[in-house]
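The values are calculated or read from the model by the stated rules, or taken from the named source; none is laboratory data. Values in this document were obtained by computation on a predicted structure and should not be read as measured data. As a convention, Cβ positions derive from the backbone with ideal geometry for all residues, glycine included, and neighbour counts pool all protein chains shown. In case anyone asks, the SASA skips ligands and DNA or RNA and just uses the protein heavy atoms, side chains included. Shrake-Rupley method; radii C 1.70, N 1.55, O 1.52, S 1.80 Å.
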Amino acid sequence: MIDTMIGVDLAKNVFQLHGASLTGEVKFRKKLSRAQFRKFMETQPASIVVFEACGGAHFWTREIQELGHAAKLIAPQYVKPFVKRQKNDAADAEAIVIAAQRPEMRFVEPKSNAQIARGVVFRSRDRLVRQRTEQINALRSVLYEQGQVFPTGVHQMKKIAAFLQQADNGLLALVREECEELLASIYDLTARIDAKTLKLKKLSQQPEISRRLQTIPGVGPLTAMAVEAFAPSMDIFRCGRDFAAWIGLVPKQHSSGGKERLGKVSKAGQVDIRRLLIIGAMTRIAWVGRKPVREGSWLDRMLKRKPKMLVAIALANKMARTIWAMLTKNEGYRDPATIVTA
């Protein structure tokens, strides 16, 4: 029978442990190296081991479970209120145990190795996109100093390349060389981004869940892959709104005295899924100019009353709840316009 809870403050080389009974009585405090920590846990009776959800926590969760212990992850923001006075490793480890023993505490679902691998590819593509944007902005700023103004966007590189090839563009040879180097770097990053995008699209066709999610209007291969890589099991959410709140697509609350005050979107959640859902929602709204929505539908009523960006966020929230319903009920997407009510 498990009667010990161990809070572990992870670090690169030195781990701080705080062991306590399930009633809160302190059993031990230890500072161990990485190798010593593994040996100690091998000899320790089965315990509940709690980590903060940070870098390396998912790896150690799998390692600890293989040793026969029960592992849990807790969000750092839920641990901070339990730190007593001064912050140090020992106080952090103790706070982890105190927070984990709260009956109402919410824990983070551990990720599998396959999820982490897909997340690595996804984040690698995002990093390349940021680097390309930085290079594009640098190129446009250099040309702006030379009196040449070009619109934003990667699709404007053809115009910039055509301008640099002109013999009478008025640029000094040194400036032209630097611009050509930046342009070559942008083309190289674009090729690498396209390769990563193709890899993610192929990966999104492998799991049955990703293929099913792509039947939702506005959900493409990247969004489906992000849901699979970063979202936990949908069974931990009580309803679709809980999943939308986990993503950060619900308004902040400033309610008091029985009076509800709702503010802007919280953005306190998984940023990758939220960003892609909003982009997907904006593409659906952009379709309206070419393919009008059904008269009297929810989207039609919202577009007549609210700004497009607000409608896009509301639509992204609706898409998140649709994702939760499809995955929990193990069903395909059903268009609301085709559902016949009794």
*If M105 satisfies every condition in (1) at pLDDT below 95; (2) under 29 Å from N13 (Cβ atoms); (3) part of a helix (DSSP H, G or I) but one, which is the exception?*
(3)
*Could you list, in sequence order, the residues of region 282-308 that are in contact (Cβ under 8 Å) with a residue 12 or more places away in the chain and either outside any helix (DSSP H, G or I) or under 22 Å from L262 (Cα atoms) (or both)?*
R294, S297, W298, L299, M302, L303, K308
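Tell me, which residue of region 114-153 that is in contact with a Lys or Arg (Cβ under 7 Å, 6 or more places away or on another chain) and assigned to a helix (DSSP H, G or I) is farthest from Q270 (Cα to Cα)? Explain how you work it out, then say what you get.
Step one: of region 114-153, the residues in contact with a Lys or Arg (Cβ under 7 Å, 6 or more places away or on another chain) are 121, 124-125, 128, 150.
Those still in the list that are assigned to a helix (DSSP H, G or I) too: 121, 124-125, 128.
Values: V121: 17, S124: 17, R125: 17, L128: 20 Å.
The qualifying residue farthest from Q270 (Cα to Cα) is L128.
Considering only residues that are among the acidic types (D, E) and either modelled with pLDDT under 85 or open to solvent by 90 Å² or more (accessible area, probe 1.4 Å) (or both), which ones fall in region 233-291?
Restricting attention to region 233-291, the residues satisfying the condition of being among the acidic types (D, E) are 235, 242, 260, 272.
The answer is D235, E260.
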*Can you name the condition, by its number, that T215 falls short on among (1) surrounded by 17 or more Cβ atoms within 10 Å (Cβ to Cβ); (2) not in a helix (DSSP H, G or I)?*
(1)
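From the list K12, K39, pick out the single residue that is without any contact (Cβ under 8 Å) to a residue 40 or more places away in the chain and either within 19 Å of P103 (Cβ to Cβ) or assigned to a loop (DSSP other than H, G, I, E, B) (or both).
Details: K39 fails: either within 19 Å of P103 (Cβ to Cβ) or assigned to a loop (DSSP other than H, G, I, E, B) (or both).
When all the criteria are applied, what remains is K12.
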*Pairs with Cβ under 7 Å, 6+ apart, first in region 46-58 and part of a loop (DSSP other than H, G, I, E, B), second open to solvent by 40 Å² or more (accessible area, probe 1.4 Å) and hydrophobic (A, V, I, L, M, F, W, C)*: A46/I2; S47/I2; A53/V108
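Among the residues of region 196-210, which ones are open to solvent by less than 60 Å² (accessible area, probe 1.4 Å) and either at pLDDT 90 or above or not in a loop (DSSP other than H, G, I, E, B) (or both)?
Keep residues of region 196-210 that are open to solvent by less than 60 Å² (accessible area, probe 1.4 Å), which gives 196-197, 200, 203-204, 207, 210.
Passing the criteria: K196, T197, L200, L203, S204, S210.
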_Residue satisfying condition, being modelled with pLDDT of 95 or more and open to solvent by 40 Å² or more (accessible area, probe 1.4 Å), within set R192, R176_ = R192
*For region 71-126, what are the residues that are under 24 Å from the mean Cα position of the chain (by Cα), among the basic types (K, R) and over 19 Å from G24 (Cα atoms)?*
K111, R118, R123, R125
*Going by the structure shown, is T61 among the β-branched types (V, I, T) and either assigned to a strand (DSSP E or B) or more than 27 Å from the chain's Cα centre (by Cα) (or both)?*
no
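Are any residues in region 218-267 outside any helix (DSSP H, G or I) and closer than 15 Å to A325 by Cα, and if so, which ones?
The initial filter retains those residues of region 218-267 that are outside any helix (DSSP H, G or I), namely 218-220, 231-233, 237-239, 248-267.
Correct list: V219, A231, P232, S233, F237, R238, C239.
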*Quick one: K72 ticks every box in (1) farther than 18 Å from T23 by Cβ; (2) part of a strand (DSSP E or B) except a single one, so which number is it?*
(1)
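Looking at K31, K39, which is the one that is touching a helix residue (DSSP H, G or I) at 6+ places or on another chain (Cβ under 8 Å), over 15 Å from V108 (Cα atoms) and open to solvent by 40 Å² or more (accessible area, probe 1.4 Å)?
On the way: K39 fails: touching a helix residue (DSSP H, G or I) at 6+ places or on another chain (Cβ under 8 Å).
Of K31, K39, the one residue that is touching a helix residue (DSSP H, G or I) at 6+ places or on another chain (Cβ under 8 Å), over 15 Å from V108 (Cα atoms) and open to solvent by 40 Å² or more (accessible area, probe 1.4 Å) is K31.
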*All but one of (1) open to solvent by less than 30 Å² (accessible area, probe 1.4 Å); (2) in contact (Cβ under 8 Å) with a residue 60 or more places away in the chain; (3) within 29 Å of A46 (Cα to Cα); (4) touching a helix residue (DSSP H, G or I) at 6+ places or on another chain (Cβ under 6 Å) hold for F122; which doesn't?*
(3)
_Failed condition for I136, given (1) surrounded by fewer than 13 Cβ atoms within 10 Å (Cβ to Cβ); (2) of a type in the set (A, V, I, L, M, F, W, C); (3) farther than 30 Å from W324 by Cβ_ = (1)
*Can you name the condition, by its number, that L183 falls short on among (1) under 27 Å from Q135 (Cβ atoms); (2) in contact (Cβ under 8 Å) with a residue 40 or more places away in the chain; (3) part of a loop (DSSP other than H, G, I, E, B)?*
(3)
*Would you pick out the residues in region 218-264 that are more than 22 Å from R118 (Cα to Cα) and of a type in the set (F, W, Y)?*
F237
_Extreme residue, modelled with the lowest pLDDT, among residues of region 308-335 that are more than 22 Å from the chain's Cα centre (by Cα) and open to solvent by 80 Å² or more (accessible area, probe 1.4 Å)_ = R334
